[in-house]
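Have a look at the structure below before the remarks.
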Amino acid sequence: MNPIAISFAVAGLALVAGVGVIAGYLREAPAPVEPLADPLDDRRGALLRSLADLEEAHASGALDEPDYVRLREQTEGRMARVLRALDRRDAAPAGDVPTAAGNVATSVALDDAPTPTVRTDTAEPRRVPAWAVAVLIGGTVLAVVVASLARDAEPQLQASTPQASDDPLAFFERRVKDHPDDLAARLDLAHRYLDAGMVERSLSEYAVALELDPDDAEALAHVGIILYQNGRSEEALRSVDRALSTDPRYPEALFFRGVILLRGLDRPQDAISAFETYLEAAPFGTERQTAKDLIAEARASIEGT
């Protein structure tokens, strides 16, 4: 093992031990317990982190311009859906908003609550032993010395470190490894696998995404189009319709629905309706010209029958 890393560990342990001992003497009361986070707020935070990751990867050259633009648009679209859900939550009556602790409402009568006790004594704070101060100072000095050694050795360590892989999937796989519960990271990796023709891997990532959020419209819609491509049009339509039940104006789901109805189920009239709704929801969407062409194909099919 790297001796610098070992030294750092020793210094850190000494420092932590000293701080822990002294904190025991200084602490007067336990820290307040933070309330449980709302899942939507967690999702918003994860998406903000994803946007920051994309900016960093683009600036470092790990992402080229087309991928950066596409992924940023997808992430911003997810953020818009989360913000709409937050607006609906905030607009709901107080009794209809689920709590973060599993939808359990707990009430306590104010008359039964104990009266808080306010300390009025002027007792001296507990004295910190000299040996504890010595541990803290020794650990701090050792940490400074080791940090200096590590800084001096950093150029040699960097020179011996292999360069990052040129694999275009490496960035996305690393994000998932670093943040396995990040829904946005899972979806981005699933899309990249799908673009690369790695269907089984993409389905695996979409499955994990749906474990994280069973109603995620993006994952449901893409599972639907994969099912359609494998000749399972009825199941594909059900998956896409589930996506639209979560987000009725989700453009990709509307477009996929039109494709499945037209090409998979031979329902051209219903397909036209889906494509027209797509064009209303995304007038500048990437599939707008394809949607117009498919509407013409559907109309020709109707006229030919």
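For every residue, the table says whether it meets (1) open to solvent by less than 40 Å² (accessible area, probe 1.4 Å); (2) at pLDDT 95 or above; (3) aromatic (Phe, Trp, Tyr); (4) within 22 Å of Ala80 (Cα to Cα).
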| site | (1), (2), (3), (4) |
| --- | --- |
| Ala164 | no, no, no, no |
| Asp167 | no, no, no, no |
| Leu183 | yes, no, no, yes |
| Ala190 | yes, yes, no, yes |
| Ala196 | no, no, no, no |
| Tyr206 | yes, yes, yes, yes |
- Query: Of all the residues that make up the range 181-209, how many are under 15 Å from Gln74 (Cβ atoms) and part of a helix (DSSP H, G or I)?
  - Reply: 17
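With the structure loaded, tell me whether Gly102 is modelled with pLDDT under 70, open to solvent by 50 Å² or more (accessible area, probe 1.4 Å) and assigned to a helix (DSSP H, G or I) or whether it fails that test.
Working: modelled with pLDDT under 70: yes; open to solvent by 50 Å² or more (accessible area, probe 1.4 Å): yes; assigned to a helix (DSSP H, G or I): no.
No.
The values are calculated or read from the model by the stated rules, or taken from the named source; none is laboratory data. All values reported here derive from a predicted model rather than from experimental measurement. Note that each Cβ is placed from the backbone with ideal geometry, even for glycine, and that neighbours are counted across all protein chains shown. When the accessible area is computed, the model is the full protein with side chains, heavy atoms only, and any ligands, DNA or RNA have been set aside. Shrake-Rupley method; radii C 1.70, N 1.55, O 1.52, S 1.80 Å.
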